[in-house]
């Protein structure tokens, strides 16, 4: 398992400057529709969760999971300020499981798979949470995850029963979108 980002460290990259390079509406727009249920794994302080909540609209929902309660607390505070808290359900997970039983149409694992103690198990669990035809976007930071390590993540996703359906270009990231086969 890689190092889990401390909650206070998230302030270094979860700020207005990030919005210049990472546009959730552009990254997730091709996969998210109003009314959807979406899972944000390792939601941190809510940069993606809040944008996803806007994208799913009042009839959709975002399940935001993180291993650190402080991250969830900050995310919910930000969601309230943004007026979308009623669309987000915060769930504290364990390092070994996302601990969510709901089925979703889309999941996001943004810069988090490398922090899992067992990435193949995480990917299998995500697959089990996806509705048939559901998709998951996996993005990992280039400065932390080598090309070889990302190929291992791709192989683990394929072994989990996911198929690559897109390779979006995301700033300073290695990324792929997978679909659940059945």
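Restricting attention to the range 123-135, does a residue exist that is within 20 Å of residue 22 (Cα to Cα), in contact with a strand residue (DSSP E or B) (Cβ under 6 Å, 6 or more places away or on another chain) and buried (at least 19 other Cβ atoms within 10 Å of the Cβ)?
Just the residues of the range 123-135 that are within 20 Å of residue 22 (Cα to Cα), to begin with: 135.
This time we only want the ones that are in contact with a strand residue (DSSP E or B) (Cβ under 6 Å, 6 or more places away or on another chain), so: 135.
Filter again for buried (at least 19 other Cβ atoms within 10 Å of the Cβ), leaving 135.
Checked the range 123-135: at least one residue is within 20 Å of residue 22 (Cα to Cα), in contact with a strand residue (DSSP E or B) (Cβ under 6 Å, 6 or more places away or on another chain) and buried (at least 19 other Cβ atoms within 10 Å of the Cβ).
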Residue under question is residue 164, and the condition is that it be surrounded by 14 or more Cβ atoms within 10 Å (Cβ to Cβ) and modelled with pLDDT of 95 or more; does it hold?
no
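For the range 171-181, what are the residues that are in contact (Cβ under 8 Å) with a residue 40 or more places away in the chain and over 21 Å from residue 98 (Cα atoms)?
Filtering the range 171-181 down to residues in contact (Cβ under 8 Å) with a residue 40 or more places away in the chain leaves 171-173, 177-180.
Answer for the range 171-181, where residues must be in contact (Cβ under 8 Å) with a residue 40 or more places away in the chain and over 21 Å from residue 98 (Cα atoms): 171, 172, 173.
Is it the case that residue 50 is under 19 Å from residue 126 (Cα atoms), surrounded by 17 or more Cβ atoms within 10 Å (Cβ to Cβ) and within 16 Å of the chain's Cα centre (by Cα)? Talk me through it step by step, then tell me what you get.
Numbers: under 19 Å from residue 126 (Cα atoms): no; surrounded by 17 or more Cβ atoms within 10 Å (Cβ to Cβ): yes; within 16 Å of the chain's Cα centre (by Cα): yes.
Judged against the criteria, residue 50 is not a match.
Restricting to strands (runs of 3 or more DSSP E) lying wholly in the range 64-170: which have 2 or more residues that are without any contact (Cβ under 8 Å) to a residue 40 or more places away in the chain and on the phi < 0 side of the Ramachandran plot? Let's see the steps before the verdict.
Working: elements: 88-92, 104-110, 130-141, 162-166.
Counting at least 2 such residues, we get 88-92, 130-141, 162-166.
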Out of (1) within 15 Å of the chain's Cα centre (by Cα); (2) at pLDDT 95 or above; (3) surrounded by 13 or more Cβ atoms within 10 Å (Cβ to Cβ), the odd one out for residue 71 is which?
(2)
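Per-residue answers, yes or no, for (1) out of contact with any helix residue (DSSP H, G or I) (no Cβ under 6 Å at 6 or more places or on another chain); (2) surrounded by 20 or more Cβ atoms within 10 Å (Cβ to Cβ):
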position: 88; (1), (2): no, yes
position: 91; (1), (2): yes, no
position: 109; (1), (2): yes, yes
position: 157; (1), (2): no, yes
position: 172; (1), (2): yes, no
position: 179; (1), (2): yes, no
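The values are calculated or read from the model by the stated rules, or taken from the named source; none is laboratory data. Computed from a predicted structure; not experimentally measured. Neighbour counts are summed over all protein chains in view; Cβ atoms, including those assigned to glycine, are modelled from backbone coordinates with ideal geometry.
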